[in-house]
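Since the structure comes first, as structure tokens, the remarks are kept for the end.
Bear in mind that the values in this text are calculations on the coordinates, not laboratory data. All of these numbers come straight from a predicted model, not from anything done at the bench. Virtual Cβ from ideal backbone geometry, glycine too; neighbours counted across all protein chains shown.
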Amino acid sequence: MRTVAAAAVAAATLAALSVAPTPAQAAGAVKVTPLGSHEGEFCRQDRALIFEDPDGTRILYDPGRTVAGPADPRLGKLDAVLVSHMHGDHAGDSHLPAPGAGTCEKPDTSTKALPNTSAAAIAHAAGAKIVTGSEMPRFFAGKLKSLGGDPKNSVLVRFGASTKVGGVTVTTVPAAHSNGIAGGMVGGDLGKMLEEAGLTAYAGPPTGYVLTFSNGLVAYLSGDTGVTSEQRTVVGEQYKARLVVMNIGDTFTTGPMEAAYVINELVKPASVIASHANEVGTEGGKVVGKKTLMFQKAAKVPVHIPLSGRTMSFDGAGKCTAGC
Ligand SMILES: [Zn+2]
């Protein structure tokens, strides 16, 4: 009898101690897994991230050159591929022959993926949609067709609109960058003519994305961009993004100090994942990159480092709950 009473007291004590989960925790976490060139590191060419909604929807963002094409064993099931703009380090003009090829400073990206792009090849092999804005959907529709796929799997979402992929709402937002399609990606005679003339084909404006997940998390993926007023108005005020993937590499995009300004003054999220640093960001998983360190110091919210293959979990409020 005494043991039964003791057990009842213990159970009551445990119940009193346990904290009720917040609605966001109860709704599950969004998992973010970087697919960089080198396991456990943040390397020069790293851009690709996989977002997994609590409902199982999996979205690949900017495959770039560090995903080893459609056969990369890290990809798993995919529902959509996002491409912020048409530059080769995002759409994937070439890629690793296998994860870990080359060095963190100079990954081996010798496997050619033109004219179809790695993004189109991955989406085709996975039976996933490609979701883009501007003039990119028709271009990707043509690539899917030439790969033997269904052009209808290339889906348009322009600024101010939205589309659903599983439980995830996807929209594009403006980016201040460029978005020319290189001749090699166009292919054929037109591609050759463009290359000879030193010109690119028109693909409309470059984009970032805002993703709203089923646990309430709103994430802003900056793409390559300078500082834009929409980072305050659309991303910050309208969508109230709580997690940001911020490009910090300088020269081509905001550098670390400009990126920190976007985080601290314009978007004001709960946390940020550094991206597109164009440097050896880590050694042995420890941050050593100048730009990455500078950004970590200047940003007023936690800066998470995308170590390849290490999954980070975020609740609906944008707080990292595991893996950071
Ligand atoms: Zn880029």
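So the values come out like this:
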read-out	value
Only listed residue being buried (at least 20 other Cβ atoms within 10 Å of the Cβ) and either assigned to a helix (DSSP H, G or I) or within 14 Å of the ligand (Cβ to nearest atom) (or both), chosen from G208, G226, G184	G208
Residue check, E265 part of a helix (DSSP H, G or I), within 16 Å of the ligand (Cβ to nearest atom) and over 19 Å from the mean Cα position of the chain (by Cα)	no
S178 assigned to a loop (DSSP other than H, G, I, E, B) and either crowded, with 17+ Cβ neighbours inside 10 Å or among the acidic types (D, E) (or both)	no
Subset of segment 38-81 [within 15 Å of the ligand (Cβ to nearest atom) and either hydroxyl-bearing (S, T, Y) or farther than 25 Å from I248 by Cα (or both)]	Y61, T66
Residues being over 18 Å from the mean Cα position of the chain (by Cα) and hydroxyl-bearing (S, T, Y) - total across segment 95-133	4
Residue that is surrounded by the most Cβ atoms within 10 Å (Cβ to Cβ), among those in segment 95-130 that are within 19 Å of T172 (Cβ to Cβ) and in contact (Cβ under 8 Å) with a residue 60 or more places away in the chain	T117
Residue that is surrounded by the most Cβ atoms within 10 Å (Cβ to Cβ), among those in segment 49-63 that are in a loop (DSSP other than H, G, I, E, B) and among the charged types (D, E, K, R)	D62
Filter result (more than 16 Å from the ligand (Cβ to nearest atom) and surrounded by 24 or more Cβ atoms within 10 Å (Cβ to Cβ)) within segment 270-280	V272
Residues of segment 237-261 satisfying the condition of being buried (at least 20 other Cβ atoms within 10 Å of the Cβ), away from the ligand (no atom under 16 Å from the Cβ) and outside any loop (DSSP other than H, G, I, E, B)	L243, V244, A260
Top-ranked residue in segment 35-79 [being under 19 Å from A219 (Cα atoms) and among the basic types (K, R); ranked as farthest from the chain's Cα centre (by Cα)]	R58
Qualifying positions in segment 105-121 - under 19 Å from H276 (Cβ atoms) and not in a loop (DSSP other than H, G, I, E, B)	P107, S118, A119
Residue under evaluation V272, criteria (1) more than 25 Å from M86 (Cα to Cα); (2) outside any loop (DSSP other than H, G, I, E, B), criterion not met	(1)
Contacts under 8 angstrom Cβ, first residue in segment 137-149 being touching a residue at least 12 places away in the same chain (Cβ under 8 Å), partner of a type in the set (A, V, I, L, M) and surrounded by fewer than 19 Cβ atoms within 10 Å (Cβ to Cβ), 6 or more apart	P137/V155; P137/L156
